[in-house]
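What follows is a set of notes on a single structure, which appears directly below.
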Amino acid sequence: MTTDTEVDMKDVELNEVDPEKQPMTGEDTGNGDTSSPVAEKNGSVKVKIPEEKESKFTGLSKEELLKVAGTPGWVRARWALLILFWLGWIGMLAGAVVIIVQAPRCKPLPDMNWWDYGALYQIGDVNSFTEGAGLEGLQKKIDDVGKLKVKGLIIGPIHASSADKPEDLNLMEVSRDIGNQDQLKRVIETAHKKSISVVLDLTPNYKGADPWFSNGSGEAVMDKVKSATNYWLEEGVDGILLHGVEKIAMDSFWTNMRDTIKNHTKDEKKKVFIGVSNVTSADEVRKELNRTGVDLLLSRVLNRTFGVEIAQVVEGLYSGQKTDLAWNIGDRVTGHLASIVTLARVKLSQLLLCTLPGTPVFNYGDEIGLEDNPTNVYPTMVWLNSTDKEEDNLRFFKEVSELRGNERSLQHGEYLLLSNSTHAMAYLRQWDQSERYIVALNWHKRDSVTLQLTQKELPEKATVVISTDAKLAAHTSVNLAELTVGPQNAIMLKFPYTP
């Protein structure tokens with residue numbers, strides 16, 4: 001080993017020693033010199049490492065490529081790759097075609113109007129609803145109405161009128177004890193911002209005994225109704241409602257009303273024409289629908305006690321009509337839901353109305369189980385200090401109403417009666433490939449009912465979506481062949497579409 005090599009090795013070893021033990025610069029290195037030619041301050045050593053030259057891949061040159069391009073081996077390889085590419089592409093195309101052909105086709109959606117997507121909410125007495133605050137108070141309550149997931153608001157009547165005095169009738173003027181026209185416009189604007197349509201009740205003699213008066217002034221009153229309909233539709237109202245349609249036998253009136261409403265349809269949003277009648281049978285409802293040509297007809301066909309009667313009415317209307325169906329239990333004249341069906345059946349009735357094929361219509365306060373006053377059907381709406389029962393009814397209503405507005409099977413699906421008896425019924429709502437819904441209802445006050453739902457359209461089990469029966473909790477799986485529903489309870493189940 002040379003002297004230079006020994007110096008290099010010794011200096012490198014010093015780097016590996018604790019810095020405090022390394023010799024300082026200028027100390028004797030052991031060979032007589034006072035400093036090492038390679039020593040730096042504090043014994044550190046600089047080592048020079050030669051840089052590696054980066055190798056660059058240039059690939060084949062043009063000449064080299066041209067040399068091999070025409071060789072038989074390369075030509076065969078190119079043809080093989082090209083054939084494989086096209087075979088793969090054709091195979092994928094064929095596979096896609098097979099999938100499309102074999103996949104079940106989606107059923108085209110039916111024509112839908114805005115009132116087909118959810119419930120309507122009627123406020124017959126604005127001051128009772130707003131605790132005396134009139135239209136100004138109603139505007140402030142639109143947010144609360146929107147939380148119910150309803151699609152339309154039926155207001156009034158609110159026009160100027162005196163009981164049984166046609167000479168005082170002014171259908172284009174808002175009654176002073178309720179508000180004014182500007183306030184009504186603000187209500188309409190606020191509702192539209194929440195995607196809630198507004199329908200105006202123009203029943204002429206709403207304060208008197210006969211909704212159309214009864215002293216020979218019929219034709220003059222009808223002319224006022226037609227003029228007011230045109231006026232309010234121009235002002236932004238989305239529809240008109242009239243009570244007592246069975247009392248107007250003049251066909252020309254209904255023709256003119258339909259034409260007036262049709263002429264105001266803009267931007268594909270149709271105006272709705274709603275009639276209300278006292279009829280109680282399916283045949284009478286169909287007759288009035290055909291005679292008047294209204295879009296929806298509210299009636300008293302569901303003001304019944306027993307399941308078998310309700311099942312027969314629904315089956316009779318659905319089999320012959322299928323469209324233009326509306327369902328209500330009570331209204332501004334006959335009273336509130338809870339007073340008609342009793343408090344124990346409020347949720348059952350809410351579920352029934354929201355899941356039948358057609359448009360559900362509720363009276364203000366039906367969502368909490370509000371009952372009529374002993375002397376009138378306009379109880380004051382409860383906004384504060386509601387009971388636990390009212391809060392429970394409200395939560396249930398919101399859940400059912402939201403499902404009604406979101407699920408295609410509930411919006412426009414087919415209706416199939418699965419079971420009916422004296423006090424119970426069950427039916428299926430289904431649309432194309434959407435989830436299916438089963439609704440089971442038991443009106444009996446004391447006894448449970450066991451339904452054997454084994455139709456070919458049904459699976460063995462379904463999942464509980466909503467239930468008023470404590471024994472049937474949501475999200476649990478239930479055997480449909482032995483579905484037991486408690487007294488005065490209702491349940492909705494779901495199951496997926498299977499090809």
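The values are calculated or read from the model by the stated rules, or taken from the named source; none is laboratory data. Because the structure is a prediction, the values reported are computed rather than measured. Here the Cβ is made from the backbone with ideal geometry for all residues, glycine too, and neighbour counts use every protein chain on show. Surface accessibility is based on the protein's heavy atoms, side chains included, excluding ligands, DNA and RNA. Shrake-Rupley method; radii C 1.70, N 1.55, O 1.52, S 1.80 Å.
Mind checking the per residue accessible area of the range 110-150 for me, 1.4 Å probe, whole number of Å²?
38
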- Message: With the cut-off at 31 Å, tell me which of the pairs Lys147/Lys461; Lys140/Lys347; Lys226/Lys269 have Cα atoms farther apart than that.
- Response: Lys147/Lys461
- Query: Any idea of the accessible area per residue across the range 186-316, 1.4 Å probe, to the nearest Å²?
  - Reply: 43
- Note on the structure: Computed on Cα atoms only, the convex hull of the chain has an orientation-averaged projected area in nm² of 50.9
- Message: With angles folded into 0 to 90 degrees, how steeply does helix 251-263 sit against the dominant principal axis of the chain? Use alpha carbons for both and round to 10.
- Response: 20
- Query: Where Lys and Arg each count +1 and Asp and Glu each count -1, what net charge lies around Asn256 among other residues with Cβ under 15 Å from its Cβ?
  - Reply: +2
- Task: Using a 1.4 Å probe over the heavy atoms of the protein chains, calculate the carbon and sulfur portion of the accessible area of the chain as a whole percent.
- Result: 51
- Task: Have a look at the DSSP beta bridges in the chain and tell me what percent are antiparallel, nearest 5.
- Result: 60
- If you line up the long axis of helix 346-355 against the longest principal axis of the chain, both from Cα atoms, how many degrees apart are they, to the nearest 10? 70
- If you find the alpha carbon centre of the range 78-123 and of the range 430-450, how far apart are they in angstrom? 33
- Query: Per 10 Å bin, what percent of the C-alpha pairs of the range 203-249 does each bin hold, from zero upward?
  - Reply: 25, 54, 21, 1
- Note on the structure: Taking R0 as 56 Å and r as the Cβ-Cβ distance between Thr380 and Asp111, the FRET efficiency 1/(1 + (r/R0)^6), rounded to the nearest 0.05, comes to 0.90
- Query: Around Tyr437, what is the net charge, scoring Lys/Arg as +1 and Asp/Glu as -1 over all other residues with Cβ under 13 Å from its Cβ?
  - Reply: +1
- Query: In terms of the ratio Rg/(2.2 N^0.38 Å) built on C-alpha atoms, what value belongs to the range 64-157?
  - Reply: 2.80
- For the range 378-479 the chymotrypsin sites (Phe, Trp or Tyr not before Pro) that pass both the DSSP coil test and the at-most-13 other-Cβ-within-10 Å test are Trp383
- Query: Counting other Cβ atoms within 10 Å, which trypsin sites (Lys or Arg not before Pro) in the range 395-475 have at most 16 and lie in a DSSP loop?
  - Reply: Lys445, Arg446, Lys456, Lys471
- For the Asn278, Ala96 Cβ pair and Förster radius 41 Å, calculated FRET efficiency rounded to 0.05 is 0.10
- Across 10 Å bins from the origin, how do the percents of Cα pairs in the range 247-350 run, short distances first? 13, 40, 32, 14, 2
- Decide, for the range 327-367, between rounded, prolate and oblate: order the square roots of the alpha carbon gyration tensor eigenvalues as a ≥ b ≥ c, take rounded if a/c falls under 1.5, and otherwise choose prolate if a/b is larger than b/c, else oblate. oblate
- Beyond 18 Å between alpha-carbons counts as too far, so tell me which of Lys165/Lys207; Lys141/Lys270; Lys141/Lys185 fall in that bin. Lys141/Lys270
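Ignoring ligands, DNA and RNA, what accessible area per residue does the range 361-441 give at 1.4 Å, in Å²?
Values: 3290 Å² over 81 residues.
Here the per-residue accessible area is 41 Å².
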- Task: Run through every distinct alpha carbon pair of the range 139-269 and return the Kirkwood hydrodynamic radius in angstroms, one decimal place.
- Result: 15.5
